[in-house]
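The values are calculated or read from the model by the stated rules, or taken from the named source; none is laboratory data. These figures come from a predicted structure and were not determined experimentally. As a convention, Cβ positions derive from the backbone with ideal geometry for all residues, glycine included, and neighbour counts pool all protein chains shown. The accessibility values were calculated without ligands, DNA or RNA, using every heavy atom of the protein model including side chains. Shrake-Rupley method; radii C 1.70, N 1.55, O 1.52, S 1.80 Å.
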Amino acid sequence: MAPEISPEQRNRSLSLRLFTDYLMRGEDVIDEVVAPDFRGHGFGGHDGEVVGPAGLREYFGETIGTLWYDIHDQVATDDTVVTRWTVHTPRDIVRGGPSPTGGETEMSGITIDRFESGKLQETWMQADYLHLYRQLGLVSEPEL
């Protein structure tokens, strides 16, 4: 008989599935992992909020399967999973148009996921958009 996993282990596994199976491999696991009334806060664009599984699909759009995430740390407690990550775009496209860098861009961030009844209910994301915008030439380095 397999040992029962804790809610923290289950939630951590679900969080990792979003990064590895959906965002990196393009496997649509959204309906298995995300609650129908999901709310995402702090997402660039969309006035910072993403609503429901359809909102997540729309937000990531054509970047699905083209992203690579380095997961640096992940901590789970009770119904919450915190993940520190860096995302890389390995081709000449990023949200909003072609990359003037001619290749990879990267952005680091932290997500705080809250799970309820085995589904992702809410996410708060803090990401270093300024670093991304500098790579894209949208913001220049300050003169000191």
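In debye to the nearest 20, how big a dipole does the chain give about its Cα centre with +1 on each Lys and Arg Cβ and -1 on each Asp and Glu Cβ?
So the dipole magnitude of the chain works out to roughly 140 debye.
What percent antiparallel are the DSSP beta bridges of the chain, to the nearest 5?
Taking every DSSP beta bridge with both residues in the chain, the antiparallel ones total about 90 percent.
Please arrange R10, R17 by accessible surface area, largest first, computed with a 1.4 Å probe and ligands excluded.
R10, R17
Based on DSSP loop calls and a cut-off of at most 11 other Cβ atoms within 10 Å, the longest stretch of the chain free of exposed GluC sites (Glu not before Pro) is what?
Longest stretch, sites excluded: 5-142.
So what's the angle, to the nearest 10 degrees on a 0 to 90 scale, between helix 7-17 and the longest Cα principal axis of the chain?
40
So what is the relative contact order of the chain, in percent, for Cα pairs below 8 Å that sit 6 or more residues apart?
23
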